[in-house]
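Structure first, then comments.
Nothing in this text is a laboratory measurement; each read-out follows from the coordinates by a stated rule. Predicted model, so just to flag it, every value in this text is computed and none were measured. Cβ coordinates were reconstructed from backbone atoms using ideal geometry, including for glycine residues, and neighbour counts include every protein chain displayed.
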Amino acid sequence: MDFRDHSVIELAADVNAGRRTAESLVQAALDNISAHNGVINAFCALDPERALEAARAVDASVRSGAVLPLAGIPFGVKDLEDAEGYVTSYGSAFHTGDAPASDDSVLVARLKAAGAVVVGKTNTPEFGYKGKTDNVPFGPSKNPWDLTRSPGGSSGGSGAAIAAGMVPMATGSDGGGSIRIPAAVCGLAGFKSSQGRVPNGGPKPTGSGLLTVKGPMTYRVKDTIAALDCCLGDEKSDIFALPAPFDAWLDRASGRLPERVIWSPTMGITTVDEDVLRVCNAAIAKLRDAGVEVIEMDQIWDTHPFPSWVVFWTAARARAQGHLRGTPEWEKIDAALRPQIEMGLDQFGAADYAVAIDQCHLLNVQLEAAFKSAPLILTPTTRGHVPTIEGEGRVDGEETADWVAFTMGINMTRNPAGTLPIGLAADGMPLGLQIIGRQRDDFGVLDAMLGMERVFDFNERASFPNG
């Protein structure tokens, strides 16, 4: 079964109605993984017996009269997050020998309570530190659109698994774009909620401190909304958790296009690859043709967010791995990650951290000034093209680590933001458009995405060996 041919909503309805079984869906996912994972390397851990046992339990619940909104949906769990019975390795040689998790994360627990079934863990760069997915213990994940390219990161294993049709859903986390980036370069709809919408909670602080948001990833917007409805709501162990909405978002969603949007190709902070801009401008023209008023606004931010974002990120890395410097274990850390840990140890102090928090406030003030003209800001999701397995991304033919710029600042301000596939670059790889909403207007962003998805009408899919 190619899960790209079926919606999560449709499959769960079939299980609840007795037209399919959860066990058959989970077996199909396991068969897909067996057939394709040797090529894609999206999954880094599997437990078929555990998954099938859980699926049979879902089928028993349905037979006893339960109606589960995600009945039987097989999903992967990003390997930065706990799933009971699986080792959380963080893509790191330090943790592959850890004991399996004894509990689920809040997100995984809520998806399972809705009837979804964990089939395995998805690959991620070590501690989620970059926008491409590879690591020492498990190697690189590959993009189903082009096996010489990365699926982005750090939720690259999840993005690749969905784009290849292995599973219909996986979890992701986003501390600087790590849901939106892989979604964009794998041809998926992706969504980073406001912080606290999907609670983190539990005994473990998040890996990137104030920045991290977790959430479900699916192929298209409506399925993401359906999965989010199962994940929202207060959690007393999360100091940022938000209450659940009064009504289910899926019930309210109409896909109504906004009357006006802001199009900001650079946000005033960088340049954009010529080919990326070509595809984005074509998508903006489609919105105009559909009756949406487009307000062009070159300048939104007066400061690039990266210098402040990197303070948060490197402080978190210093906190988690800094004690290893000077020990024999230091060499086990990814060579490109070590300088980030050292930066957090040596370069930044408490005052820098306080200034970075101030910058979160100031970036949001500038967003709010723009939002006076329209409720949504549209930008390219990435400013360049996804890296090759061995290299970096490219902007106008030049290889650079700075092929993303528009996502990390939204983690600092905590606004909701999504990405939609809008077309193919000249090299045949998918590109995305980012949709940013006002503070806590998650539903407004999702409903607009639903309408824009219809306008953009992106129907291409990855083709790969055995795909």
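Structural remarks
- Distant-in-sequence amide H partners of residue 405 (H built 1.01 Å from N, under 5 Å): 383
- Legend: ranking of residues 105, 7, 237, 254 from fewest to most surrounding C-beta atoms inside 10 Å; resulting order 254, 237, 7, 105.
- In plain terms, if you count all Cα to Cα distances in the chain and split them into 10 Å steps from zero, the share in each step is 5, 22, 34, 27, 11, 2, 0 percent.
- Karplus-derived HN-Hα couplings along segment 32-48 (A = 6.51, B = -1.76, C = 1.60, θ = phi - 60°), whole Hz, x at Gly and Pro: 4, 5, 4, 6, 10, 5, x, 8, 8, 6, 7, 9, 10, 7, 9, 9, x
- Loop-resident trypsin sites (Lys or Arg not before Pro) (DSSP state other than H, G, I, E or B) in segment 237-324 with no more than 14 further Cβ atoms inside 10 Å of their Cβ: 256.
- Over 21 Å (Cα to Cα) - which of 132/204; 222/372; 78/142; 130/236 fall in this group: 132/204; 222/372; 130/236
- For residue 149, the residues whose amide H sits under 5 Å from its own are 143, 389, ignoring neighbours fewer than 5 places away on the same chain, with H placed 1.01 Å from N.
- Taken one residue at a time, the phi angles of segment 293-298 give Karplus couplings (6.51, -1.76, 1.60, θ = phi - 60°) of 6, 10, 9, 7, 9, 5 Hz. Gly and Pro are set to x.
- Net charge dipole, the chain: roughly 640 debye, given to the nearest 20, about the Cα centre with Cβ charges of +1 for Lys and Arg and -1 for Asp and Glu.
- Loop-located GluC sites (Glu not before Pro) in segment 197-304 (DSSP state not H, G, I, E or B) with no more than 12 neighbouring Cβ atoms inside 10 Å: 259.
- Least to most buried among 457, 174, 79, 346 (fewest other Cβ within 10 Å first): 457, 346, 174, 79
- Helical runs assigned H by DSSP (4 residues or longer) give the chain a calculated mean residue ellipticity at 222 nm of -11000 deg cm²/dmol, each run adding -39500 (n - 2.57) before division by the residue total.
- Between amide H atoms placed 1.01 Å from N, distances below 5 Å from residue 169 occur with 76, all of them 5 or more places distant or on a separate chain.
- Cα centroid separation - segment 377-439 against segment 235-287, whole Å: 13
- Shown for 360, 280: other C-beta atoms within 10 Å of each C-beta, ranked fewest to most, produce the order 360, 280.
- Stokes-Einstein diffusion coefficient of segment 354-456, Kirkwood radius over Cα pairs, 10 °C, 1.306 mPa s, in µm²/s: 106
- Phi to ³J(HN,Hα) by Karplus 6.51 cos²θ - 1.76 cosθ + 1.60 over segment 219-236, Hz, x for Gly, Pro: 6, 9, 4, 4, 5, 5, 4, 4, 5, 4, 4, 8, 10, 7, x, 4, 8, 5
- Remark: the residue 324-residue 304 segment gains 4.1 nm on full extension, using 0.36 nm per residue and subtracting the alpha carbon distance.
- Per residue, the average separation of C-alpha pairs within less than 8 Å and at least 6 apart gives segment 260-456 a relative contact order of 26 percent.
- Those GluC sites (Glu not before Pro) in segment 315-418 that DSSP places in a loop and that have at most 10 other beta carbons within 10 Å: 390
- Summarising the strand pairing of the chain, around 70 percent of its internal DSSP beta bridges are antiparallel.
- Segment 159-251: C-alpha pair distances exceeding 24 Å, %: 21
- Tail beyond 26 Å, pair distance distribution of segment 260-456 (Cα, percent): 41
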